[in-house]
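Undergrad: Here you go, one structure.
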Amino acid sequence: MKSIREIYRIGTGPSSSHTMGPRSAAEQFLKTHPKASAYEVVLYGSLAATGKGHMTDVAITETLEKSEMPVKIIWKPDVFLPYHPNGMTFRSLNEAGFPSDEWTVYSVGGGALEEEGKSRGGQAEIYDLDHMTDILEYCERTGRCYWEYVEQCEGKNIKEYLRTVWHTMKEAVERGLNTEGRLPGPLNLRRKAFTYNTKAQGYKDNLRTRALVFSYALAVSEENASGGVIVTAPTCGSCGVLPAVLYHIWKSRNYTEEHIIRALATAGLFGNVVKQNASISGAEVGCQGEVGVACAMAAAAACQLFGGSPAQIEYAAEMGLEHHLGMTCDPVCGLVQIPCIERNAYAAARALDANIYASLTDGVHRVSFDKLINVMKETGHDLPSLYKETGTGGLAKDYIQM
């Protein structure tokens, strides 16, 4: 299992798989083909179906046009390559307009890229355990916490990276809370984070807590929808859940930065296990792999901060994901706005509820996190493609792609 740095990628929205991944692929192709006379990029499946709403073409074109050569985007939404729904082929063209080379690569979620038949270069396998049952057993046997296992595998320098992640998350929350106006795109949605945060101040304690959490999740998700700087956790489309929970606990309970960094390590470990054994790509398994996994990560982080045992933390994470099973990915107009932004707010609240529920137990339960991951993967593969980020089914079906 690779580093949790791949779960926490710092970049610009609105989509890790449709914007961050393609931009990274374009940068790599430009680096290896700087002298091409022109470029041609074919987008397949989900990348093509909702690419305009996610600004996939803008990310690729802006990058390749640094060569000052023409770039052509070809859209093939009805062609799904067998390896993954988010396929793309880059071609370099010679002076006669004929291909001189080509590269097919896949944006597999969270900004990560993969080639069929090849492991991702540059990222070593650093975890010896990649199933939560084994990691839990290790923690129980050694008396270590999940974050200590992360540090043991990653090295102490992971703390500084997670510190940067936390600062970026905080900044996204605070920018979003202080920004008003319209979100980009044809839906003409107004930002709501500032209003929610203002109204929260007038509520009594129990309602204020929930309203504040909503406002924090909305703040980050609206920053993402506007192309702002955020952290994938585990994706751009689900980037508001974990920051909302951590920011709320940090503000209300006066936890130190060190405690938050440890919680980030634990949350990243749970997200990493899902990515290793299933998927965090909405195009592959639906929104359960994005918002569902984000809820599991946030539930684990919250449970650790409130003193949960390793077994209770695992249970909280299991509940966070279990109650998102089967969630479809159906972005209206291909934008990471409806229903994505609202789902982030609800998932943040669910994560806190999962922590409370798990904390009332001894951590013993029948369905393990590993079993749940397998079920999520099977469920995702059983979902028809129109419910997996293509923007053609569910809530998106009555809207015309802009």
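Undergrad: Are any residues in segment 54-81 assigned to a loop (DSSP other than H, G, I, E, B), touching a residue at least 24 places away in the same chain (Cβ under 8 Å) and out of contact with any Gly (no Cβ under 9 Å at 6 or more places or on another chain), and if so, which ones?
TA: M69, P70
Undergrad: For segment 326-346, name all the residues that are surrounded by fewer than 19 Cβ atoms within 10 Å (Cβ to Cβ) and in contact with a Ser or Thr (Cβ under 6 Å, 6 or more places away or on another chain).
TA: G326
Undergrad: So which residues in segment 83-139 are free of Cβ contacts under 8 Å to residues at least 24 places away in the same chain and either under 25 Å from L43 (Cβ atoms) or open to solvent by 60 Å² or more (accessible area, probe 1.4 Å) (or both)? First the steps, then the outcome.
TA: At the first step, the residues of segment 83-139 found to be free of Cβ contacts under 8 Å to residues at least 24 places away in the same chain are 96, 98, 102, 104, 115, 117-119, 121-122, 134, 137-138.
Correct list: A96, F98, E102, T104, E115, G117, K118, S119, G121, G122, D134, E137.
Undergrad: Of everything in segment 92-138, what is out of contact with any strand residue (DSSP E or B) (no Cβ under 6 Å at 6 or more places or on another chain), farther than 27 Å from R9 by Cα and of a type outside the set (D, E)? Give them in sequence order.
TA: Matches in segment 92-138: A96, G97, F98, Y138.
Undergrad: What residue, among those in segment 82-91 that are part of a strand (DSSP E or B) and closer than 16 Å to S15 by Cβ, is farthest from the chain's Cα centre (by Cα)?
TA: The initial filter retains those residues of segment 82-91 that are part of a strand (DSSP E or B), namely 87-91.
From what's left, closer than 16 Å to S15 by Cβ: 87-88.
Values: G87: 18, M88: 20 Å.
Ranking the qualifying residues of segment 82-91, first place goes to M88.
Undergrad: Sticking with this one: Any residue that is out of contact with any helix residue (DSSP H, G or I) (no Cβ under 7 Å at 6 or more places or on another chain), within 30 Å of Y315 (Cα to Cα) and free of Cβ contacts under 8 Å to residues at least 12 places away in the same chain - is there at least one of those in segment 173-191?
TA: no
Undergrad: Hey, could you check segment 254-267 for residues that are part of a helix (DSSP H, G or I) and touching a Leu at 6+ places or on another chain (Cβ under 8 Å) and say which is nearest to A298 (Cα to Cα)?
TA: Looking at residues that are part of a helix (DSSP H, G or I) and touching a Leu at 6+ places or on another chain (Cβ under 8 Å), I get A267.
Undergrad: Just to be sure before I move on: is R208 basic (K, R) and touching an Asp or Glu at 6+ places or on another chain (Cβ under 8 Å) in the structure I sent?
TA: no
Undergrad: Follow-up. Here are the criteria: (1) in a helix (DSSP H, G or I); (2) at pLDDT 95 or above. Tell me which single one L386 does not satisfy.
TA: (2)
Undergrad: Just checking, does segment 28-43 include any residue being among the acidic types (D, E) and either without any contact (Cβ under 8 Å) to a residue 40 or more places away in the chain or more than 13 Å from E65 (Cα to Cα) (or both)?
TA: For segment 28-43, residues among the acidic types (D, E) and either without any contact (Cβ under 8 Å) to a residue 40 or more places away in the chain or more than 13 Å from E65 (Cα to Cα) (or both): absent.
Undergrad: Going by the structure shown, is E116 at pLDDT below 95 and of a type in the set (D, E, K, R)? Walk me through how you get there before you give the answer.
TA: Values: at pLDDT below 95: yes; of a type in the set (D, E, K, R): yes.
Yes: the conditions hold for E116.
Undergrad: Also, quick follow-up: Within segment 353-374, which residues are surrounded by 13 or more Cβ atoms within 10 Å (Cβ to Cβ) and among the hydrophobic types (A, V, I, L, M, F, W, C)?
TA: Scanning segment 353-374 gives A354, I356, A358, F369, L372, I373.
The values are calculated or read from the model by the stated rules, or taken from the named source; none is laboratory data. This one's a predicted model, so the numbers in the text were calculated from it and none came from an experiment. Virtual Cβ from ideal backbone geometry, glycine too; neighbours counted across all protein chains shown. With ligands, DNA and RNA removed, areas are computed over all heavy atoms of the protein, side chains included. Shrake-Rupley method; radii C 1.70, N 1.55, O 1.52, S 1.80 Å.
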